[in-house]
Structure formats: C-alpha cells, structure tokens
Amino acid sequence: MSKLEDLRGLIDSRDARIGVIGLGYVGLPLVVELGQAGFSVIGFDVDATKVRTINAGRSYIGDVPSDQVASLREQGRLEATSDFTKLADVDVINICVPTPLRKTRDPDVSFIAAAVEEIRKHLHEGQLIILGSTTYPGTTHEFVIPMLEDAGLEIGKDFSLAFAPERIDPANTQFKVTQVPKVVGGETPLCTELASRVFATVFDTIVPVTSTQAAEMVKLLENTFRAINIGLANEIALMCEKLDLDVWEVIDAAATKPYGFMKFTPGPGLGGHCIPIDPAYLSWKMKSLNFPARFIELATEVNGGMPDHVVDRIAEMLNEDRLAVNGSEILILGIAYKSNVDDMRESPALDIIASLRQRGATIRYHDPFVAECEIAGESMKSVDLTDDALKKSDLVVVLTDHPGVDYERVVHVGPRVFDTRNATKAVVNDREKITRL
Ligand SMILES: NC(=O)c1ccc[n+]([C@@H]2O[C@H](COP(=O)([O-])OP(=O)(O)OC[C@H]3O[C@@H](n4cnc5c(N)ncnc54)[C@H](O)[C@@H]3O)[C@@H](O)[C@H]2O)c1
C-alpha cells in the first residue's frame, strides 16, 4: 500500500496530523472543528499576535468561543505557530489565506503562492494538500501544481491535491459550519476521496465534484449569484425611487411567492471579503479567454455606484433642511459591512464617510461591534448613542442594521434619519422623520 493509501487509515483513526495555513475568519473555525473531531491540529499564521492569542487559549473570531480554543489547548490538540518547518510534521494541509484584488482589480494570488512555496519546501510522500481560499477556476491545476511538482513528487501517486471551497457565513446562527455541505474536487479520484474523508469527520454532507476547476467554479457561481441579485435589488431600489414607490414594500410582497423568487435586499453597497471581490476573479479569468462576463460587469457597476448614490441622497436631505454637506454634523449608525459582525473589509461605510468628509461634513459613528477604526487616514472611535450625540447631529444615517440599537429612540430623539437598510421598519412613532433608500 502506498503512503497516500495509508492516509485513509490515519484519517479514520484520527491519527492524521492536520495543518491549517491562515487562521482568519475561515481558518480558525476550521482548526477548531478539526480539533473537536479528534485530530491534532497545527495552525500556521504569519501574524504573531494571532499565534500568541490562540496559544494563550483565546479566540479573536466572533463565531469561535474562546473556551473551545482553550479546551483544545488543554487537551494538547491545538498549537499555533509561525514556524513553517513544522509543515514537515503534518499529513494534511488546508490553505485558508486571503485572496484579495490588486488595485487594478486583478486577482492577487500572492498569499496562495507564499503558502504553497512553504509547503513545497517540506512536501513529502503521503501528504494531502487542500486549497480552500476562493480563487479563479484553474488556480489549483495551473498555478499550484507546477509549484508543488518542483519538489520532484508525483501528484496522485506521491501526494494528493484538492480544492474545497469555504462557505462560511460569519454571524449566521441558523446554520452551523458543519451543517453546510462541503464541496470537494480533487486532481485525481484518490485526491477527492482522501479530502472528502477528512471533511466527512466534520461536515454532515460531502459533495464530491469531478475536478478542482469545477470546485473552484462552484464557489464563484455562488458568490456571483449573490452579487448579481444584490445588484438587481439595488437597481430595483433606484427604479422605485424614480417611480415614488417603497422598494421594501415591493420586495417583501414579492417574497411571499412560495416558489421562483428569492429575497435579496438593496443597501449602501457591497462589503466583506467575498461578494465584492470573488466575481472579479471569474471575470478576470474569462477576460483571458476573450469572453466578457457581462452580468458581473453590470452588477459591479450598479453595486459600485451605491455609495455615491447614498452620498447624493444625504446631500438632498440636508438641502431640504436648508443645510449644506459642508459644515453639517452627520452621525452614522453602523459601519461594519453587515449586521452582527465587526468586519470592516470593503465596507461601503469607508467610501461614504471618506466622500462626506471630503465635502466638508463632520462625521461621527456609533457601531456596537467596531470600537475604533481608521478611515481615509483618520482614526475614529465609536461614540455612545446618547441623547446629546443624537441631538447635536444634523442627520443620522443608518448604514448597517445591527441588532440592539433602539431605533424608536433614535428616531424620536434625533434629527431626520436616512435608513439605507430598512432597520427602522418596526419604528411606530415619528415615521415622518425617516427616509429610506
Ligand atoms: N470571510 C469569509 O466570510 C469567507 C467565506 C468564504 C470564503 N472565504 C475565503 O477564504 C479565504 C480566507 O479568508 P478569511 O476571511 O479567513 O481571511 P482573513 O484575512 O480573515 O484570514 C487570513 C489569514 O491568513 C494569514 N496569512 C496571510 N498570509 C499568510 C501566509 N503566507 N502564511 C500563513 N498565514 C497567512 C493572515 O495573517 C490571516 O490571519 C479567502 O480566500 C476568502 O475569500 C472567506
């Protein structure tokens, strides 16, 4: 039996040692799930603070309770490190590093390249490598394989390689990580089988596909589907504005149809590390094949225009009150990219605040999840939502519909409110003070 085939037994007995490279929103939950499934896990990260925090038994990701990290540490089943020579000690390696865009909106796969380069140095017979970072179709086959084959080992015979996209939805309490089916595509049938075997110890359902390219494309279809449908909801919101209709009423009524309709809502723009970025990976790849990804381009244009539209609406509302943006005090409610998270990556609040400031407005914000942040080179701190803070503002703008905010009080005590998320839908009194997207 080859060393690769031996891996089956090591996985089944939980004696396989597992490495996870990149301990962020995706990597840390995976580390904890694998540890809880009975494996010994080594987490690798270049961020020394994250490594120290995990080794001290604490979590820095909202969805991962610290006691789970502490318990795995106590059982000796979890170690975090920046020492990549320890990759030589593991049988299975999951790559969960970031895949951002360059300034030119081209894919930046340099984090994947750095991780794979470390793996190449320590690649040995019997290892299984699984790429989980979202990326364009062909990355595993065309980009990762040539790097790994430099090590002189043969894929499918000496080592295995698979792609398994991550579908985690931070702050989603309806579906646990393990309940979301795991899609797995290997370079060979044995690669698919081994990677599926690992994930079957954690996930309730495994969905094997026939290639790494198919698995990469599945993830891009899912996120492109969301980006396009959010784009449609945003364009419907712009149409409703012209038609003097309430887009929220229209969408809620349409969503009562029990089939053939899926609810998406408009907002101030896309945010997070996935939906604004992933479709650009697909359109970039298609451009190289001389195929224009028209739906993606259109959705990017509509969604990308929303922050400017919000700024224009704010200027209009101030104008109605005989105020200019220049010199106005605007209180922003919520700056994270979506409710219930502290993640500011690609948040539309970044562009909206920068633009309002450029036009001379004074901006303060309240966000129960983001105590401080830096926007366009300026440090900001969340202010308490006191009566005084509300009263001294010329306008309140809801950009993120975090729970736990007393919108009834905000509307009653504060000035007019521009609500881009329909966060004030349950407010009963003073509704004439609310303007919604
Ligand atoms: N955040 C999500 O909701 C989500 C959901 C599904 C898929 N994804 C995808 O998963 C991947 C990871 O996303 P994330 O949100 O966890 O990112 P993240 O920024 O939260 O975490 C990435 C981690 O990788 C580390 N890192 C960077 N380079 C490294 C290297 N060379 N070696 C070791 N560690 C390194 C960083 O320090 C960081 O801790 C991305 O491809 C993303 O598109 C993210």
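Each value in this text was obtained by applying a stated rule to the coordinates, not by laboratory testing. Computed from a predicted structure; not experimentally measured. Backbone-built Cβ (ideal geometry, glycine too); neighbour counts: all protein chains shown.
G260 falls short on exactly one of the conditions (1) more than 16 Å from the ligand (Cβ to nearest atom); (2) assigned to a helix (DSSP H, G or I); (3) of a type in the set (G, A, S); (4) over 30 Å from V310 (Cβ atoms), and that condition is (2).
Within the stretch 82-114, the residues that satisfy the criterion of being free of Cβ contacts under 8 Å to residues at least 12 places away in the same chain and of a type in the set (S, T, N, Q) are T104, S110. Scan the stretch 156-173 for residues that are assigned to a loop (DSSP other than H, G, I, E, B) and either closer than 16 Å to V92 by Cβ or more than 15 Å from the ligand (Cβ to nearest atom) (or both) and the total you get is 5.
Each row is one residue, and each column tells you yes or no for (1) surrounded by 13 or more Cβ atoms within 10 Å (Cβ to Cβ); (2) of a type in the set (S, T, N, Q); (3) more than 27 Å from V405 (Cα to Cα).
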site	(1), (2), (3)
I296	yes, no, yes
T300	yes, yes, yes
N303	yes, yes, no
M306	yes, no, no
V311	yes, no, no
A315	yes, no, no
S328	yes, yes, no
L333	yes, no, no
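Among the residues of the stretch 42-69, just one is small (G, A, S) and in contact (Cβ under 8 Å) with a residue 60 or more places away in the chain, namely G62. Scanning the stretch 263-289 for residues that are more than 24 Å from M344 (Cα to Cα) and within 11 Å of the ligand (Cβ to nearest atom) yields a total of 0. Within the stretch 113-137, being near the ligand (Cβ under 8 Å from one of its atoms) and either of a type in the set (D, E, K, R) or in a helix (DSSP H, G or I) (or both) holds for A114, A115, E118. With the checklist (1) within 16 Å of the ligand (Cβ to nearest atom); (2) in a helix (DSSP H, G or I); (3) surrounded by 20 or more Cβ atoms within 10 Å (Cβ to Cβ) in hand, flag the one item R52 doesn't pass. It fails just one condition, (3). Could you please let me know if L153 is touching a Lys or Arg at 6+ places or on another chain (Cβ under 9 Å), more than 14 Å from the ligand (Cβ to nearest atom) and more than 26 Å from S283 (Cα to Cα)? No.
Within the stretch 1-10, the residues that satisfy the criterion of being in contact (Cβ under 8 Å) with a residue 12 or more places away in the chain and not charged (D, E, K, R) are S2, L4, L7, L10. Only one entry of D342, D321 meets the criterion of being out of contact with any Cys (no Cβ under 9 Å at 6 or more places or on another chain) and over 17 Å from K391 (Cα atoms), and that entry is D342.
Within the stretch 11-39, the set of residues being away from the ligand (no atom under 16 Å from the Cβ), surrounded by fewer than 20 Cβ atoms within 10 Å (Cβ to Cβ), in contact (Cβ under 8 Å) with a residue 12 or more places away in the chain and at negative phi comprises D12, R17, Q36, A37.
V202 meets all of the listed conditions (1) on the phi > 0 side of the Ramachandran plot; (2) buried (at least 16 other Cβ atoms within 10 Å of the Cβ) but one, namely (1). Within this structure, T178 fails the test of being within 21 Å of E301 (Cβ to Cβ) and within 16 Å of the ligand (Cβ to nearest atom).
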